[in-house]
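Report on one structure; see the data block that follows.
The values are calculated or read from the model by the stated rules, or taken from the named source; none is laboratory data. As the structure is a computational prediction, the values presented were derived from the model and not from experiment. Cβ placement follows ideal geometry from the backbone for every residue including glycine, while neighbour counts extend to all protein chains displayed. Note: areas computed on protein heavy atoms with side chains; ligands, DNA, RNA excluded. Shrake-Rupley method; radii C 1.70, N 1.55, O 1.52, S 1.80 Å.
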Amino acid sequence: MGDNDSTVDDLVDDLLASHDPRSTDAITFRGAQYDRGLAWVNFPEGFGGLGLGPQLQRRIETRLREAGTPPPQAMLFFNLFLAGPTMVTHGSDELRKRALRPMFTGEDVWCQLFSEPGSGSDLAGLSTRAVRDGDEWVVNGQKVWNTLAHLANRGMLVARTDPELPKHKGLTYFMVDMHAPGVEVRPLRQITGEAEFNEVYLTDVRVPDADRIGDTGDGWRVSMTTLMNERTTIGAGTGGPKRGGGSIAEAVYTWKHTNDHSAARRDQLMKLWCDAEVLRLTNLRASQKARAGNPGPEGSIAKLAFANLNKSVYEWCIDTLGAAGIVDYDYTFRRPSEALLDGAPGSARKLFLRSRANSIEGGTSEIMRNILGERMLGLPGEPRVDRDLPWSQVPRS
Ligand SMILES: Cc1cc2nc3c(=O)[nH]c(=O)nc-3n(C[C@H](O)[C@H](O)[C@H](O)COP(=O)(O)OP(=O)(O)OC[C@H]3O[C@@H](n4cnc5c(N)ncnc54)[C@H](O)[C@@H]3O)c2cc1C
(Lines give C-alpha, C1' and ligand atoms only; values in the text may rest on other atoms or scores of the structure.)
Protein backbone atom coordinates (compact mmCIF):
# COMPACT_ATOMS: atom_id res chain seq x y z
CA MET A 1 0.00 0.00 0.00
CA GLY A 2 1.47 3.39 -1.02
CA ASP A 3 1.62 6.59 1.04
CA ASN A 4 -1.22 8.11 -0.94
CA ASP A 5 -3.43 5.06 -0.34
CA SER A 6 -2.99 5.39 3.41
CA THR A 7 -3.54 9.17 3.32
CA VAL A 8 -6.84 8.57 1.58
CA ASP A 9 -7.76 5.66 3.87
CA ASP A 10 -7.11 7.79 6.98
CA LEU A 11 -9.32 10.56 5.65
CA VAL A 12 -12.10 8.12 4.78
CA ASP A 13 -11.85 6.64 8.31
CA ASP A 14 -12.12 10.13 9.76
CA LEU A 15 -15.12 10.98 7.54
CA LEU A 16 -16.96 7.80 8.49
CA ALA A 17 -16.15 8.18 12.19
CA SER A 18 -17.56 11.70 12.32
CA HIS A 19 -20.51 11.22 9.93
CA ASP A 20 -22.50 7.99 10.09
CA PRO A 21 -23.48 7.45 6.43
CA ARG A 22 -26.71 5.72 7.44
CA SER A 23 -28.04 8.60 9.52
CA THR A 24 -26.38 11.73 8.01
CA ASP A 25 -28.31 13.47 5.25
CA ALA A 26 -26.66 13.34 1.83
CA ILE A 27 -25.83 17.05 1.56
CA THR A 28 -24.11 17.17 4.96
CA PHE A 29 -22.22 13.96 4.29
CA ARG A 30 -21.08 15.03 0.85
CA GLY A 31 -20.09 18.46 2.20
CA ALA A 32 -17.85 16.75 4.78
CA GLN A 33 -16.44 14.54 2.01
CA TYR A 34 -15.65 17.65 -0.06
CA ASP A 35 -13.99 19.41 2.89
CA ARG A 36 -11.63 16.46 3.37
CA GLY A 37 -10.54 16.52 -0.28
CA LEU A 38 -12.33 13.26 -1.06
CA ALA A 39 -14.81 14.67 -3.57
CA TRP A 40 -12.62 14.75 -6.67
CA VAL A 41 -9.32 13.49 -5.25
CA ASN A 42 -7.33 14.71 -8.26
CA PHE A 43 -8.50 18.33 -7.81
CA PRO A 44 -6.24 20.74 -5.90
CA GLU A 45 -6.38 21.01 -2.12
CA GLY A 46 -9.04 23.48 -1.00
CA PHE A 47 -11.20 22.65 -4.03
CA GLY A 48 -12.55 19.24 -3.04
CA GLY A 49 -9.34 17.35 -3.80
CA LEU A 50 -5.88 16.41 -2.60
CA GLY A 51 -3.97 16.76 -5.88
CA LEU A 52 -3.55 12.95 -6.08
CA GLY A 53 -4.01 10.50 -8.96
CA PRO A 54 -7.63 10.13 -10.18
CA GLN A 55 -7.49 6.32 -9.84
CA LEU A 56 -7.65 6.80 -6.04
CA GLN A 57 -11.24 8.01 -6.39
CA ARG A 58 -12.36 4.44 -6.98
CA ARG A 59 -10.73 3.40 -3.71
CA ILE A 60 -12.64 6.15 -1.90
CA GLU A 61 -15.97 5.34 -3.53
CA THR A 62 -15.58 1.60 -2.88
CA ARG A 63 -14.92 2.20 0.81
CA LEU A 64 -17.83 4.61 1.12
CA ARG A 65 -20.25 2.20 -0.58
CA GLU A 66 -19.06 -0.65 1.68
CA ALA A 67 -19.81 1.55 4.69
CA GLY A 68 -23.37 2.09 3.47
CA THR A 69 -23.06 5.48 1.76
CA PRO A 70 -25.58 5.68 -1.10
CA PRO A 71 -24.16 6.50 -4.55
CA PRO A 72 -24.76 10.08 -5.76
CA GLN A 73 -28.10 10.72 -7.42
CA ALA A 74 -27.97 9.94 -11.14
CA MET A 75 -29.07 13.50 -11.97
CA LEU A 76 -25.70 14.74 -10.65
CA PHE A 77 -23.95 13.26 -13.71
CA PHE A 78 -23.40 16.73 -15.23
CA ASN A 79 -22.16 18.12 -11.90
CA LEU A 80 -19.63 15.44 -11.16
CA PHE A 81 -18.22 14.50 -14.55
CA LEU A 82 -18.63 17.59 -16.77
CA ALA A 83 -19.06 20.80 -14.77
CA GLY A 84 -16.58 19.85 -12.02
CA PRO A 85 -13.54 19.22 -14.23
CA THR A 86 -14.43 22.24 -16.39
CA MET A 87 -14.78 24.55 -13.41
CA VAL A 88 -11.61 23.42 -11.68
CA THR A 89 -9.56 23.70 -14.88
CA HIS A 90 -10.80 27.06 -16.12
CA GLY A 91 -12.78 28.87 -13.38
CA SER A 92 -11.36 31.76 -11.37
CA ASP A 93 -10.45 30.95 -7.76
CA GLU A 94 -13.41 33.00 -6.57
CA LEU A 95 -15.83 31.10 -8.83
CA ARG A 96 -14.33 27.71 -7.96
CA LYS A 97 -14.75 28.50 -4.25
CA ARG A 98 -18.36 29.51 -4.82
CA ALA A 99 -19.44 26.80 -7.23
CA LEU A 100 -17.59 23.55 -6.57
CA ARG A 101 -18.87 22.65 -3.09
CA PRO A 102 -22.62 22.97 -3.86
CA MET A 103 -21.93 21.24 -7.17
CA PHE A 104 -20.54 18.23 -5.31
CA THR A 105 -23.12 18.12 -2.52
CA GLY A 106 -26.03 18.32 -4.98
CA GLU A 107 -27.39 21.60 -3.59
CA ASP A 108 -26.88 22.82 -7.16
CA VAL A 109 -27.92 20.75 -10.16
CA TRP A 110 -26.17 21.47 -13.46
CA CYS A 111 -27.16 20.96 -17.08
CA GLN A 112 -25.31 21.43 -20.37
CA LEU A 113 -26.41 24.24 -22.71
CA PHE A 114 -24.26 23.56 -25.79
CA SER A 115 -26.30 22.29 -28.76
CA GLU A 116 -28.52 24.53 -30.87
CA PRO A 117 -30.97 23.80 -33.67
CA GLY A 118 -28.26 24.63 -36.25
CA SER A 119 -25.21 23.54 -34.25
CA GLY A 120 -24.73 20.07 -32.84
CA SER A 121 -21.78 18.38 -34.47
CA ASP A 122 -20.67 21.81 -35.66
CA LEU A 123 -20.80 23.21 -32.13
CA ALA A 124 -18.34 25.99 -32.95
CA GLY A 125 -20.89 27.45 -35.38
CA LEU A 126 -23.41 28.26 -32.63
CA SER A 127 -25.46 31.45 -32.72
CA THR A 128 -26.48 32.27 -29.13
CA ARG A 129 -25.11 35.75 -28.48
CA ALA A 130 -23.68 37.21 -25.28
CA VAL A 131 -23.11 40.97 -25.36
CA ARG A 132 -21.12 42.72 -22.63
CA ASP A 133 -22.99 45.35 -20.60
CA GLY A 134 -20.88 46.71 -17.75
CA ASP A 135 -20.23 43.93 -15.24
CA GLU A 136 -22.76 41.69 -16.93
CA TRP A 137 -23.44 39.91 -20.21
CA VAL A 138 -26.82 39.90 -21.92
CA VAL A 139 -27.60 36.54 -23.52
CA ASN A 140 -30.08 35.79 -26.32
CA GLY A 141 -30.56 32.53 -28.20
CA GLN A 142 -31.94 29.01 -28.21
CA LYS A 143 -30.40 25.79 -26.97
CA VAL A 144 -31.74 22.29 -27.58
CA TRP A 145 -31.53 18.66 -26.37
CA ASN A 146 -30.63 19.86 -22.87
CA THR A 147 -30.81 16.80 -20.64
CA LEU A 148 -32.55 17.34 -17.28
CA ALA A 149 -32.51 21.14 -17.75
CA HIS A 150 -35.96 21.14 -16.10
CA LEU A 151 -34.32 20.07 -12.83
CA ALA A 152 -31.24 22.26 -13.06
CA ASN A 153 -30.51 25.58 -11.38
CA ARG A 154 -27.12 25.97 -13.12
CA GLY A 155 -26.21 25.67 -16.78
CA MET A 156 -22.91 25.33 -18.62
CA LEU A 157 -23.48 27.83 -21.41
CA VAL A 158 -21.37 28.49 -24.49
CA ALA A 159 -22.23 31.69 -26.34
CA ARG A 160 -20.80 33.82 -29.13
CA THR A 161 -19.18 36.97 -27.81
CA ASP A 162 -17.42 38.12 -31.01
CA PRO A 163 -19.09 37.32 -34.36
CA GLU A 164 -16.28 39.00 -36.29
CA LEU A 165 -13.73 36.36 -35.27
CA PRO A 166 -13.51 32.89 -36.86
CA LYS A 167 -16.07 30.56 -35.33
CA HIS A 168 -13.80 28.75 -32.85
CA LYS A 169 -12.32 32.00 -31.55
CA GLY A 170 -15.34 34.16 -30.74
CA LEU A 171 -16.92 31.94 -28.07
CA THR A 172 -17.09 32.36 -24.29
CA TYR A 173 -18.22 29.93 -21.58
CA PHE A 174 -20.48 30.92 -18.66
CA MET A 175 -22.22 29.53 -15.62
CA VAL A 176 -25.85 30.57 -16.06
CA ASP A 177 -28.56 30.71 -13.40
CA MET A 178 -31.41 28.58 -14.80
CA HIS A 179 -33.89 30.50 -12.64
CA ALA A 180 -32.80 33.94 -13.91
CA PRO A 181 -35.46 36.05 -15.68
CA GLY A 182 -35.54 35.21 -19.40
CA VAL A 183 -34.64 31.50 -19.10
CA GLU A 184 -37.48 29.30 -20.37
CA VAL A 185 -37.26 25.49 -20.35
CA ARG A 186 -39.64 23.50 -22.57
CA PRO A 187 -39.92 19.69 -22.66
CA LEU A 188 -38.95 17.62 -25.71
CA ARG A 189 -40.46 14.18 -25.87
CA GLN A 190 -38.34 11.23 -26.90
CA ILE A 191 -38.98 7.86 -28.56
CA THR A 192 -39.22 6.32 -25.06
CA GLY A 193 -42.24 8.50 -24.26
CA GLU A 194 -40.19 10.41 -21.71
CA ALA A 195 -39.15 14.05 -21.89
CA GLU A 196 -35.69 13.60 -20.45
CA PHE A 197 -34.38 16.57 -22.37
CA ASN A 198 -35.57 20.08 -23.23
CA GLU A 199 -35.18 23.13 -25.38
CA VAL A 200 -34.02 26.22 -23.51
CA TYR A 201 -34.84 29.74 -24.69
CA LEU A 202 -32.68 32.60 -23.44
CA THR A 203 -34.16 36.08 -23.76
CA ASP A 204 -32.16 39.03 -22.43
CA VAL A 205 -30.74 36.83 -19.67
CA ARG A 206 -28.23 38.75 -17.56
CA VAL A 207 -25.12 36.79 -16.54
CA PRO A 208 -22.56 38.42 -14.21
CA ASP A 209 -19.05 38.57 -15.66
CA ALA A 210 -17.93 36.95 -12.39
CA ASP A 211 -19.72 33.80 -13.64
CA ARG A 212 -17.60 33.55 -16.78
CA ILE A 213 -15.58 30.30 -16.89
CA GLY A 214 -12.26 30.95 -18.63
CA ASP A 215 -11.20 34.00 -20.60
CA THR A 216 -13.43 35.90 -22.98
CA GLY A 217 -12.97 34.24 -26.39
CA ASP A 218 -11.60 31.02 -24.88
CA GLY A 219 -14.95 29.22 -24.85
CA TRP A 220 -13.97 26.61 -27.43
CA ARG A 221 -11.03 25.38 -25.34
CA VAL A 222 -13.19 25.35 -22.20
CA SER A 223 -15.92 23.41 -24.07
CA MET A 224 -13.37 20.82 -25.13
CA THR A 225 -12.62 20.11 -21.46
CA THR A 226 -16.33 19.48 -20.90
CA LEU A 227 -16.72 17.32 -24.01
CA MET A 228 -13.59 15.18 -23.51
CA ASN A 229 -14.74 14.45 -19.96
CA GLU A 230 -18.26 13.69 -21.17
CA ARG A 231 -17.08 11.22 -23.81
CA THR A 232 -14.69 9.47 -21.48
CA THR A 233 -17.39 9.14 -18.82
CA ILE A 234 -20.07 7.87 -21.23
CA GLY A 235 -17.49 5.50 -22.74
CA ALA A 236 -16.58 4.15 -19.30
CA GLY A 237 -20.16 3.16 -19.53
CA THR A 238 -22.80 1.44 -17.59
CA GLY A 239 -21.82 -1.38 -15.30
CA GLY A 240 -18.52 0.33 -14.51
CA PRO A 241 -15.70 -2.02 -13.60
CA LYS A 242 -18.06 -4.89 -12.64
CA ARG A 243 -17.78 -8.00 -14.84
CA GLY A 244 -21.12 -8.76 -16.45
CA GLY A 245 -22.54 -5.34 -15.47
CA GLY A 246 -24.31 -2.77 -17.63
CA SER A 247 -26.20 -3.66 -20.78
CA ILE A 248 -24.80 -7.21 -21.01
CA ALA A 249 -26.50 -7.97 -17.67
CA GLU A 250 -29.83 -7.28 -19.36
CA ALA A 251 -28.92 -9.68 -22.18
CA VAL A 252 -28.17 -12.45 -19.68
CA TYR A 253 -31.44 -11.68 -17.87
CA THR A 254 -33.31 -11.87 -21.18
CA TRP A 255 -31.64 -15.20 -22.01
CA LYS A 256 -32.71 -16.64 -18.66
CA HIS A 257 -36.31 -15.49 -19.07
CA THR A 258 -36.99 -16.65 -22.64
CA ASN A 259 -37.37 -20.04 -24.25
CA ASP A 260 -35.35 -19.35 -27.40
CA HIS A 261 -32.18 -21.16 -26.36
CA SER A 262 -31.08 -22.10 -29.86
CA ALA A 263 -27.39 -22.55 -30.62
CA ALA A 264 -27.53 -19.47 -32.85
CA ARG A 265 -28.88 -17.26 -30.07
CA ARG A 266 -26.30 -18.60 -27.61
CA ASP A 267 -23.56 -17.93 -30.12
CA GLN A 268 -24.72 -14.31 -30.58
CA LEU A 269 -24.91 -13.82 -26.83
CA MET A 270 -21.40 -15.17 -26.30
CA LYS A 271 -20.04 -12.81 -28.94
CA LEU A 272 -21.73 -9.84 -27.25
CA TRP A 273 -20.44 -11.00 -23.87
CA CYS A 274 -16.87 -11.05 -25.24
CA ASP A 275 -17.30 -7.57 -26.76
CA ALA A 276 -18.60 -6.26 -23.42
CA GLU A 277 -15.71 -7.84 -21.55
CA VAL A 278 -13.14 -6.40 -23.99
CA LEU A 279 -14.62 -2.92 -23.53
CA ARG A 280 -14.73 -3.30 -19.73
CA LEU A 281 -11.08 -4.38 -19.56
CA THR A 282 -9.99 -1.66 -21.99
CA ASN A 283 -11.70 0.96 -19.83
CA LEU A 284 -10.22 -0.51 -16.67
CA ARG A 285 -6.73 -0.37 -18.15
CA ALA A 286 -7.30 3.22 -19.36
CA SER A 287 -8.53 4.33 -15.92
CA GLN A 288 -5.55 2.75 -14.15
CA LYS A 289 -3.19 4.59 -16.48
CA ALA A 290 -5.07 7.89 -16.16
CA ARG A 291 -3.00 10.76 -14.85
CA ALA A 292 -4.16 13.94 -13.19
CA GLY A 293 -5.57 16.40 -15.72
CA ASN A 294 -8.27 16.12 -18.34
CA PRO A 295 -8.69 13.27 -20.79
CA GLY A 296 -7.78 13.80 -24.44
CA PRO A 297 -9.24 12.61 -27.75
CA GLU A 298 -8.60 8.96 -26.83
CA GLY A 299 -11.89 9.14 -24.85
CA SER A 300 -13.62 8.88 -28.24
CA ILE A 301 -12.51 5.23 -28.54
CA ALA A 302 -14.58 4.15 -25.54
CA LYS A 303 -17.51 6.41 -26.46
CA LEU A 304 -17.71 4.92 -29.95
CA ALA A 305 -17.33 1.33 -28.72
CA PHE A 306 -19.88 1.87 -25.94
CA ALA A 307 -22.51 3.17 -28.40
CA ASN A 308 -22.00 0.22 -30.77
CA LEU A 309 -22.08 -2.34 -27.97
CA ASN A 310 -25.14 -0.93 -26.19
CA LYS A 311 -27.17 -0.74 -29.39
CA SER A 312 -26.20 -4.29 -30.41
CA VAL A 313 -26.98 -5.73 -26.98
CA TYR A 314 -30.45 -4.20 -26.74
CA GLU A 315 -31.25 -5.13 -30.35
CA TRP A 316 -30.35 -8.70 -29.44
CA CYS A 317 -32.62 -8.52 -26.36
CA ILE A 318 -35.61 -7.34 -28.41
CA ASP A 319 -34.99 -9.96 -31.11
CA THR A 320 -34.75 -12.65 -28.48
CA LEU A 321 -37.94 -11.53 -26.74
CA GLY A 322 -39.80 -11.94 -30.05
CA ALA A 323 -43.35 -10.55 -30.02
CA ALA A 324 -43.03 -9.77 -26.30
CA GLY A 325 -40.31 -7.28 -27.21
CA ILE A 326 -42.72 -4.97 -28.97
CA VAL A 327 -45.79 -5.04 -26.71
CA ASP A 328 -46.47 -3.99 -23.16
CA TYR A 329 -44.38 -0.83 -23.14
CA ASP A 330 -45.84 2.33 -21.58
CA TYR A 331 -45.32 5.33 -23.88
CA THR A 332 -47.11 7.74 -21.54
CA PHE A 333 -45.51 11.20 -21.45
CA ARG A 334 -43.40 11.55 -18.32
CA ARG A 335 -40.64 13.75 -16.91
CA PRO A 336 -37.88 11.55 -15.45
CA SER A 337 -35.53 12.76 -12.74
CA GLU A 338 -32.56 10.94 -14.22
CA ALA A 339 -31.16 10.01 -17.63
CA LEU A 340 -30.00 6.45 -17.14
CA LEU A 341 -28.24 4.41 -19.80
CA ASP A 342 -29.11 1.14 -18.07
CA GLY A 343 -31.88 0.02 -15.74
CA ALA A 344 -33.43 -2.61 -13.51
CA PRO A 345 -33.48 -6.17 -14.93
CA GLY A 346 -36.29 -6.58 -17.42
CA SER A 347 -36.04 -3.03 -18.86
CA ALA A 348 -34.96 -4.14 -22.34
CA ARG A 349 -37.96 -2.57 -24.12
CA LYS A 350 -37.23 0.88 -22.72
CA LEU A 351 -33.46 0.52 -23.04
CA PHE A 352 -33.68 -0.62 -26.66
CA LEU A 353 -35.47 2.65 -27.45
CA ARG A 354 -33.15 4.75 -25.27
CA SER A 355 -30.01 3.18 -26.74
CA ARG A 356 -30.80 4.65 -30.17
CA ALA A 357 -29.48 7.93 -28.71
CA ASN A 358 -26.15 6.45 -27.60
CA SER A 359 -24.55 7.11 -30.98
CA ILE A 360 -25.78 10.75 -30.93
CA GLU A 361 -25.47 12.10 -27.36
CA GLY A 362 -22.10 13.49 -26.32
CA GLY A 363 -21.07 13.65 -30.00
CA THR A 364 -22.16 11.30 -32.79
CA SER A 365 -20.30 8.15 -33.76
CA GLU A 366 -19.36 9.78 -37.08
CA ILE A 367 -17.76 12.68 -35.19
CA MET A 368 -15.96 10.21 -32.88
CA ARG A 369 -14.52 8.51 -35.98
CA ASN A 370 -13.42 11.88 -37.36
CA ILE A 371 -11.68 12.75 -34.09
CA LEU A 372 -9.95 9.38 -33.91
CA GLY A 373 -8.92 9.53 -37.56
CA GLU A 374 -7.54 13.02 -37.40
CA ARG A 375 -6.23 13.37 -33.85
CA MET A 376 -5.18 9.84 -32.93
CA LEU A 377 -4.27 8.26 -36.28
CA GLY A 378 -3.00 11.43 -37.98
CA LEU A 379 -5.14 10.92 -41.10
CA PRO A 380 -5.87 13.94 -43.31
CA GLY A 381 -8.63 16.18 -41.95
CA GLU A 382 -11.91 16.77 -43.72
CA PRO A 383 -12.11 20.02 -45.73
CA ARG A 384 -13.14 22.95 -43.50
CA VAL A 385 -13.80 25.96 -45.67
CA ASP A 386 -15.22 28.17 -42.92
CA ARG A 387 -12.41 27.68 -40.42
CA ASP A 388 -10.66 31.03 -40.91
CA LEU A 389 -13.63 33.15 -41.99
CA PRO A 390 -15.23 35.59 -39.53
CA TRP A 391 -18.30 33.78 -38.15
CA SER A 392 -20.54 36.61 -39.36
CA GLN A 393 -19.52 35.82 -42.97
CA VAL A 394 -20.16 32.07 -42.82
CA PRO A 395 -23.31 31.22 -44.85
CA ARG A 396 -26.06 29.79 -42.63
CA SER A 397 -29.49 28.43 -43.45
C1 LIG B 1 -30.25 11.76 -25.52
C2 LIG B 1 -29.52 13.00 -25.89
C3 LIG B 1 -29.12 13.86 -24.89
C4 LIG B 1 -28.45 15.05 -25.23
N5 LIG B 1 -28.11 15.90 -24.21
C6 LIG B 1 -27.54 17.10 -24.52
C7 LIG B 1 -27.31 18.07 -23.48
O8 LIG B 1 -27.58 17.82 -22.30
N9 LIG B 1 -26.79 19.25 -23.84
C10 LIG B 1 -26.48 19.57 -25.12
O11 LIG B 1 -26.00 20.67 -25.36
N12 LIG B 1 -26.70 18.69 -26.14
C13 LIG B 1 -27.23 17.47 -25.85
N14 LIG B 1 -27.50 16.56 -26.86
C15 LIG B 1 -27.23 16.95 -28.25
C16 LIG B 1 -26.09 16.19 -28.94
O17 LIG B 1 -24.85 16.63 -28.47
C18 LIG B 1 -26.26 16.44 -30.44
O19 LIG B 1 -27.48 15.84 -30.83
C20 LIG B 1 -25.12 15.85 -31.25
O21 LIG B 1 -23.92 16.54 -31.01
C22 LIG B 1 -25.43 15.85 -32.77
O23 LIG B 1 -25.83 17.11 -33.18
P24 LIG B 1 -27.17 17.31 -34.05
O25 LIG B 1 -28.28 16.59 -33.34
O26 LIG B 1 -27.32 18.75 -34.31
O27 LIG B 1 -26.90 16.52 -35.39
P28 LIG B 1 -26.08 17.06 -36.66
O29 LIG B 1 -24.81 17.67 -36.20
O30 LIG B 1 -26.98 17.88 -37.50
O31 LIG B 1 -25.74 15.69 -37.39
C32 LIG B 1 -26.69 15.00 -38.23
C33 LIG B 1 -25.97 13.80 -38.83
O34 LIG B 1 -24.87 14.25 -39.65
C35 LIG B 1 -23.66 13.64 -39.23
N36 LIG B 1 -22.55 14.59 -39.35
C37 LIG B 1 -22.55 15.89 -38.99
N38 LIG B 1 -21.34 16.45 -39.23
C39 LIG B 1 -20.56 15.46 -39.74
C40 LIG B 1 -19.19 15.40 -40.19
N41 LIG B 1 -18.41 16.47 -40.14
N42 LIG B 1 -18.72 14.21 -40.65
C43 LIG B 1 -19.53 13.10 -40.69
N44 LIG B 1 -20.84 13.11 -40.32
C45 LIG B 1 -21.33 14.26 -39.84
C46 LIG B 1 -23.89 13.27 -37.77
O47 LIG B 1 -23.03 12.25 -37.34
C48 LIG B 1 -25.35 12.87 -37.77
O49 LIG B 1 -25.48 11.54 -38.21
C50 LIG B 1 -28.15 15.36 -26.58
C51 LIG B 1 -28.54 14.48 -27.58
C52 LIG B 1 -29.24 13.31 -27.25
C53 LIG B 1 -29.66 12.39 -28.36
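Summary table below
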| item | result |
| --- | --- |
| Those residues of region 105-137 which are in a loop (DSSP other than H, G, I, E, B), out of contact with any Phe, Trp or Tyr (no Cβ under 7 Å at 6 or more places or on another chain) and open to solvent by less than 50 Å² (accessible area, probe 1.4 Å), in sequence order | GLY106, ASP108, VAL109, PHE114, GLY120, LEU126, THR128 |
| Residue count for region 316-346, restricted to those that are surrounded by fewer than 17 Cβ atoms within 10 Å (Cβ to Cβ) and away from the ligand (no atom under 12 Å from the Cβ) | 20 |
| In region 138-156, the residues that are near the ligand (Cβ under 10 Å from one of its atoms), part of a loop (DSSP other than H, G, I, E, B) and either among the acidic types (Asp, Glu) or touching a helix residue (DSSP H, G or I) at 6+ places or on another chain (Cβ under 7 Å) (or both) | LEU148 |
| Positions within region 388-397 being at pLDDT 90 or above and either open to solvent by less than 100 Å² (accessible area, probe 1.4 Å) or within 16 Å of the ligand (Cβ to nearest atom) (or both), in sequence order | LEU389, PRO390, TRP391, SER392, VAL394 |
| GLU116, sole failed condition from (1) more than 16 Å from the chain's Cα centre (by Cα); (2) more than 16 Å from the ligand (Cβ to nearest atom) | (2) |
| Per-region count, region 191-232, residues of a type in the set (S, T, N, Q), open to solvent by 30 Å² or more (accessible area, probe 1.4 Å) and either under 30 Å from LEU351 (Cβ atoms) or under 20 Å from the mean Cα position of the chain (by Cα) (or both) | 1 |
| Test: residue in region 370-378 that is in contact with a strand residue (DSSP E or B) (Cβ under 6 Å, 6 or more places away or on another chain), open to solvent by 80 Å² or more (accessible area, probe 1.4 Å) and more than 10 Å from the ligand (Cβ to nearest atom) | no |
| Condition broken by LYS303, with the remaining ones in (1) over 20 Å from GLY193 (Cα atoms); (2) away from the ligand (no atom under 12 Å from the Cβ) satisfied | (2) |
| Residue ID - surrounded by the most Cβ atoms within 10 Å (Cβ to Cβ), chosen from residues in region 296-315 that are hydrophobic (A, V, I, L, M, F, W, C) and over 15 Å from the mean Cα position of the chain (by Cα) | VAL313 |
| Complete set of residues in region 17-43 that are within 13 Å of ARG63 (Cβ to Cβ), of a type in the set (A, V, I, L, M) and surrounded by 17 or more Cβ atoms within 10 Å (Cβ to Cβ) | LEU38, VAL41 |
| Neighbours by Cβ (under 9 Å, 6+ apart or cross-chain): first from region 255-280, aromatic (Phe, Trp, Tyr); second exposed (fewer than 13 other Cβ atoms within 10 Å of the Cβ) | TRP255/HIS261; TRP255/ARG266 |
